[in-house]
1. Go through region 128-139 residue by residue and turn each phi into a ³J(HN,Hα) via Karplus (6.51, -1.76, 1.60, θ = phi - 60°); whole Hz please, and just put x for glycine and proline.
2. Of the listed values (i) 1.15; (ii) 0.99; (iii) 1.13, identify the label whose number matches Rg/Rh (Cα atoms, Kirkwood Rh) calculated from this model.
3. Taking a ≥ b ≥ c as the square roots of the eigenvalues of the Cα gyration tensor of region 218-294, is the shape rounded (a/c under 1.5), prolate (a/b larger than b/c) or oblate?
4. Restricting to DSSP H runs of at least four residues, report the calculated mean residue ellipticity at 222 nm for the chain, -39500 (n - 2.57) per run over all residues, nearest 500 deg cm²/dmol.
5. Between residue 120 and residue 292, take the C-beta separation as r, use R0 = 35 Å, and let me know the FRET efficiency to the nearest 0.05.
6. Under the rule of at least 5 residues apart or a separate chain, name every residue whose amide H is placed under 5 Å from the amide H of residue 171.
7. Rounded to whole Hz and in sequence order, give me ³J(HN,Hα) for region 9-22 from the Karplus expression 6.51 cos²θ - 1.76 cosθ + 1.60, θ = phi - 60°, writing x for Gly and Pro.
8. Just to be sure I follow the definition: excluding the sites themselves, where is the longest run in the chain that has none of the GluC sites (Glu not before Pro) in a DSSP loop with at most 13 other Cβ atoms within 10 Å?
Amino acid sequence: MERSLLCETVTGATMADLVAARDAAAAADLVELRLDGVADPDVRRALEGRRVPVIVTCRAAWEGGRFDGGEDDRRRILAEALARGAEYVDIEWRALRGAAGFGDLVRGHGSRVVVSSHDFDGVPGDLCTRVREMRGAGAAVVKVAITAGRLSDTLPLIDIARGGDAVVVGMGEAGVPTRLLASRFGSRWTYGGRGVAPGQLPAADMVRRFRFRDVGAATRLYGVAGAGVMESRLPETVNAAFAAAGLDAVCVPLRAADAADLRTFTEALGFAAVVEGGLPADETARLLADWTRQ
């Protein structure tokens, strides 16, 4: 199993802000440059001096982005990024159906294109058909982001990622495990950042608090569940104990819709154990002692 890369998404109101955020992305294997939030995007400046590979994105407003120009302007920005050597550009699947020539970019530079689809309402009913069409476009990578209302909503993403060419993301709190356990989902990379997308976590926290880089095929999975689990420090405490003991194990927060959802998800991923959050200090100590002995 190949381990997933960590891509940090950076934004900024100005090019100076964007470049500063890019250069500060110390935890990242690659950086997504969101030019759609910049008042006066400058592709040359965005790429110049980069230290890691980048994905240039200029997300349309109709796909959850902030670009307020026309499609021709957006295409021009992405075409310039390709001409200037950007490792990847992100082009929305829906844009390929338009008349602005985005399809030409894919046909001419497919090995450097991510074709993406984002559903902010849930899991699209035509997900399988959509992915098949996306793969038929000829891009090197397909990115599929759905909004998870339940942990189990994310399970179809595992099948999608089996092709080896996919980035799969579950947005929202129930989708957080797809980011922290991206390697187990089979995703080429996953995204960290400061709230650019629902459920996104800072990249540095993913590495430090949740041991993102330690997740492999044999890693034992543990979970903390409950209504306030996203604010709980218990997963971080458990992960620190695992690291100190030299154990190949990680603990992640699980925002389940109900008991059946939790059971379906954890059985599918092969979790070793799950505990409810909000434990008293003495129970937490017993839990750590028990889990670090396994």
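Only the coordinates and a few stated rules stand behind these numbers; no lab work does. These figures come from a predicted structure and were not determined experimentally. Cβ coordinates were reconstructed from backbone atoms using ideal geometry, including for glycine residues, and neighbour counts include every protein chain displayed.
1. 5, 5, 4, 5, 4, 5, 4, 5, x, 6, x, 7
2. The listed entry that was calculated here is (ii).
3. Values: a/c = 1.96, a/b = 1.24, b/c = 1.59.
In terms of gyration-tensor shape, oblate.
4. Details: 12 runs with 100 residues, N = 294.
Mean residue ellipticity at 222 nm (helix-derived): -9500 deg cm²/dmol.
5. Numbers: r = 39 Å, r/R0 = 1.13.
Efficiency, from the Cβ-Cβ distance: 0.35.
6. Those qualifying (amide H under 5 Å, at least 5 residues apart or on another chain) are 146, 147, 148.
7. 8, 10, 10, x, 6, 10, 5, 4, 5, 5, 5, 5, 5, 4
8. On the way: sites that count: 2, 48.
The longest such stretch corresponds to 49-294.
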